[in-house]
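Just below is one structure, and these are the notes that go with it.
The values are calculated or read from the model by the stated rules, or taken from the named source; none is laboratory data. Because the structure is a prediction, the values reported are computed rather than measured. Heads up, the Cβs are rebuilt from the backbone with ideal geometry, glycines too, and the neighbour counts pull from every protein chain shown.
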Amino acid sequence: MKVAIVIGHDERRQGAYSPTLSLHEWQWCSVLARQLDTELGLRGMQSRIFVREPGGKYSEQMAQLCGKINDWQAELVVALHFNSSNEDWAGGCALHWPSSEGGRAAAVALSAAASIAIGNRDRGAIAQDRSWGTGRPPLWLLRLTKARAVILEPFFGSNESDARAGDRALQSGALAHGLAEAIATL
């Protein structure tokens, strides 16, 4: 299987900030991407890390990124993020495009694997297309990639215990290992 691993956000606009971890999504997810790339290789899968190039309009950046992923002919796209909220929310989830059964199956598997590795609540697979036409940034990755695609949000960086648990799973390698095992079953 060819797996495109996407580091959420970009080097200039790094996404949500975790005060507990003292870093942004892009920094944390860069480490996870490298670990996951290694774990997939150990299982005989072909993977490649993709990053959004900073600069220009967001829609243009995403169209370019999705074009590169499609040209590479990925069979699965996993975009790495973490959540943040003003509320004291905790837990992980995975977003997928509603009409993609393969995306839904991957989201279910990856959300569960992440929650097991982290030890937090599995908020499950969430169908997501409501961002289109609402004024919120659309989830381009789910709509414009040809492969089944998942946006993984394994914990809340804004929740101290959730962030610490997510980082322990990253540092131990348990998160990348669990995700790779789940991908191998798809």
Take His24 and decide whether it is closer than 17 Å to Ala114 by Cα and not small (Gly, Ala, Ser).
-> no
Counted residues in the stretch 33-73 being in contact (Cβ under 8 Å) with a residue 60 or more places away in the chain and not small (Gly, Ala, Ser) come to 16
Please indicate, with yes or no, whether at least one residue in the stretch 123-136 is in contact with a strand residue (DSSP E or B) (Cβ under 8 Å, 6 or more places away or on another chain) and within 17 Å of Ala33 (Cβ to Cβ).
-> no
Residues that are at pLDDT 85 or above, in contact with a helix residue (DSSP H, G or I) (Cβ under 7 Å, 6 or more places away or on another chain) and surrounded by 21 or more Cβ atoms within 10 Å (Cβ to Cβ): find the strands (runs of 3 or more DSSP E) completely inside the stretch 41-141 holding 3 or more of those.
-> 76-80
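Residue-wise test of (1) under 25 Å from Leu21 (Cβ atoms); (2) buried (at least 22 other Cβ atoms within 10 Å of the Cβ); (3) modelled with pLDDT of 95 or more.
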| site | (1), (2), (3) |
| --- | --- |
| Leu144 | no, no, no |
| Glu153 | yes, yes, no |
| Phe156 | yes, yes, no |
| Arg168 | yes, no, yes |
| Gly173 | yes, no, yes |
Total residues in the stretch 7-40, condition assigned to a helix (DSSP H, G or I) and of a type in the set (A, V, I, L, M) | 5
By residue number, the members of the stretch 93-126 that are among the polar types (S, T, N, Q) and within 16 Å of Leu175 (Cβ to Cβ) are Ser111, Ser115, Asn120
Qualifying positions in the stretch 1-39 - closer than 21 Å to Thr145 by Cα, at pLDDT below 95 and acidic (Asp, Glu) | Asp10
